[in-house]
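A.B. asks: Below is one structure. I have some questions about it.
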Amino acid sequence: MSELLRVEGLVKHFPLDRHRYVAAVNDVSFVIGRGETLGLVGESGSGKTTVGRCILRLIEPTAGRVWFDGRDITSLPDEQLRPLRHRLQLVFQEPFASLNPRRNVRQTVEEPLLLQGGMSARQRSDRLRETLALVHLGDRHLGRYPNQLTASEQQRVGIARAIVTHPDLVVLDEPTSSLDQTVRAEILDVLVDLQDRLGTAYLFISHDLTAVESVSHRIAIMYLGRIVESGSTQQIFGRQYHPYSRALLSAVLYPDPRRKLEPFTLRGEIPSAINPRDECALYGRCPIGLPSCTESAPPLEEVEAGHFAACFRWREFVSGKATAVTPPVEGAPHPAVSRWAGRDPARRPGDKAADPEWCSPVTKQER
């Protein structure tokens with residue numbers, strides 16, 4: 001399988017003021033092959049959608065590189081990026097909100113072809129009907145408006161709009177999260193069928209692991225802006241090398257009651273993404289964390305062929321020999337609670353007298 005998309009060291013920081021920023025994405029790297037589906041999963045706020053929007057250049061990354069079909073598109077000017085737009089498409093999370101209420105199905109699906117250019121009216125009409133047939137819609141839908149469609153039909157129109165230009169890559173941002181279980185299964189079947197027919201690659205962004213499992217060849221799990229584990233679908237669901245992955249999968253509700261992982265819980269809440277420390281982001285919640293986990297952020301390490309995990313203690317964790325840490329002394333600040341404990345108070349964010357030349361550690365540009 002040849003490489004289509006390569007993301008290396010992707011970073012996205014959203015500045016709040018001169019001293020603070022939200023680290024939405026931190027050093028994310030992955031590869032997607034032609035005709036392959038990569039499932040990008042994690043709970044809300046983990047940075048999944050931001051990754052997809054950075055890849056499509058809907059928002060500009062702070063650092064890192066994105067290669068598409070062997071070409072670095074990270075800093076391409078708009079006039080050079082525009083001819084590539086028809087090869088990179090997006091399906092939105094909310095089907096109804098993503099459709100223009102004043103445009104009928106014909107106008108909505110045909111618009112990308114008009115923007116792409118190079119096709120006659122007859123060719124556009126043929127492509128339009130061909131695409132609607134692929135998502136199991138017919139001529140009777142052409143004159144209908146979004147409010148005259150069911151939720152399933154609305155999402156099918158959104159998918160048709162994304163694939164009508166025959167793109168190489170489609171970013172699917174939570175495409176089934178707002179749909180009921182029956183409609184969700186229909187949409188997933190449509191996506192798999194389209195990939196078989198057109199050879200399109202997907203970046204499937206979701207927090208629904210059952211949906212991700214049914215369509216993905218590989219899975220990458222994100223936590224607080226970082227990928228903590230990645231591998232084939234079989235590897236991720238078969239054995240987890242990171243505590244967060246184990247906790248995430250143990251919370252999945254499968255339709256088959258006989259299929260369930262042993263409960264594995266994390267204590268506490270997700271720490272703030274504002275000015276994060278260079279340490280394991282899970283340390284404050286991890287049942288096997290050690291003080292040494294705060295010295296640096298663990299890199300993704302290959303734990304078996306094609307399977308990567310970012311945990312200093314993965315060997316002990318997967319073998320079941322990892323011991324729990326001693327709980328913090330009562331009254332003592334925990335790193336997950338007091339992010340600035342032990343630091344120079346003069347460098348606390350928000351202190352107007354502190355470090356007037358503060359800048360993002362990535363861009364080195366004054367905020």
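What follows is calculated from the coordinates using simple rules that are stated; it is not laboratory data. Remember, predicted model here, so these are calculated numbers, not experimental data. Positions of Cβ are backbone-derived with ideal geometry, glycine not excepted, and every protein chain shown enters the neighbour counts.
A.B. asks: Rounded to the nearest 20 Debye, what is the dipole magnitude of the chain about its Cα centre when Lys and Arg each give +1 and Asp and Glu each give -1 at the C-beta? Mind showing how you got there, number by number?
C.D. replies: Numbers: 46 positive and 45 negative charges, 104 e Å.
Charge dipole of the chain: 500 debye, to the nearest 20.
A.B. asks: Counting DSSP beta bridges with both partners in the range 3-216, what percentage is antiparallel, nearest 5? All intermediate terms of the calculation are to be shown ahead of the outcome.
C.D. replies: Values: 16 of 30 bridges.
Percent antiparallel among DSSP bridges in the range 3-216 is about 55.
A.B. asks: GNM on the chain, C-alpha springs below 10 Å: top fluctuator among Ile236, Ile270, Ile159?
C.D. replies: Answer for the Gaussian network model of the chain: Ile270.
A.B. asks: Most exposed first by the Cβ proxy, i.e. fewest other Cβ within 10 Å, how do Lys12, Lys321 rank? Could the numbers behind the result be given before it?
C.D. replies: Details: Lys12 24, Lys321 10.
The fewest-first ordering by Cβ neighbours comes to Lys321, Lys12.
A.B. asks: Under 5 Å between amide hydrogens, which residues at least 5 positions from Met222 or on another chain qualify, with H placed 1.01 Å from N in the peptide plane?
C.D. replies: Counting only residues 5 or more places away or on other chains, the set is Val41, Gly42, Val228.
A.B. asks: List the residues, sorted by chain then number, that are 5 or more residues from Arg144 or on another chain and whose placed amide H is less than 5 Å from its amide H.
C.D. replies: Excluding prolines and chain starts, which carry no amide H, the hits are Val105, Arg106.
A.B. asks: Let me ask something additional. Please report the net charge: other residues with Cβ closer than 15 Å to the Cβ of Pro95, K and R +1, D and E -1.
C.D. replies: Around Pro95, the surrounding residues sum to -1.
A.B. asks: For a quick check: with amide H placed at 1.01 Å from N, whose amide H comes under 5 Å from Leu4's, ignoring anything fewer than 5 positions away on the same chain?
C.D. replies: Placed amide hydrogens put Ile32, Gly33, Arg34 under 5 Å from Leu4.
A.B. asks: Quick check: convex hull over the Cα atoms of the chain, volume per residue in Å³, rounded to an integer? Intermediate results must be reported in sequence, preceding the final value.
C.D. replies: Values: hull volume 59.4 nm³, N = 367.
It is 162 Å³ per residue.
A.B. asks: If you place +1 on the Cβ of every Lys and Arg and -1 on the Cβ of every Asp and Glu, how big does the dipole about the Cα centre of the range 114-204 come out, in debye to the nearest 20? Walk me through the numbers on the way to the answer.
C.D. replies: Working: 10 positive and 12 negative charges, 95 e Å.
Taking the Cα centre of the range 114-204 as origin, the dipole is about 460 debye.
A.B. asks: So what J values fall out for the range 116-128 if you push phi through Karplus, 6.51 cos²θ - 1.76 cosθ + 1.60 with θ = phi - 60°, rounded to Hz, Gly and Pro as x?
C.D. replies: 5, x, x, 10, 6, 4, 5, 5, 5, 5, 5, 5, 4
A.B. asks: Mind listing the phi-derived Karplus ³J(HN,Hα) values for the range 156-166, rounded to whole Hz, using 6.51, -1.76 and 1.60 with θ = phi - 60°, and x for any glycine or proline?
C.D. replies: 5, 5, x, 5, 4, 4, 6, 9, 5, 8, 6
A.B. asks: Also: I'd like the Karplus ³J(HN,Hα) series for the range 208-224: coefficients 6.51, -1.76, 1.60, θ = phi - 60°, whole numbers in Hz, and an x wherever there's a Gly or Pro.
C.D. replies: 8, 5, 5, 5, 4, 4, 6, 10, 9, 7, 10, 9, 10, 9, 10, 9, 6
A.B. asks: Pick from Pro112, Pro263, Pro298: which residue has the top mean-square fluctuation in a GNM of the chain where Cα pairs under 10 Å get a spring?
C.D. replies: Looking only at Pro112, Pro263, Pro298, the largest GNM fluctuation is found for Pro263.
A.B. asks: Of Ser178, Ser214, Ser292, which has the largest mean-square fluctuation in a 10 Å C-alpha GNM of the chain?
C.D. replies: Ser292
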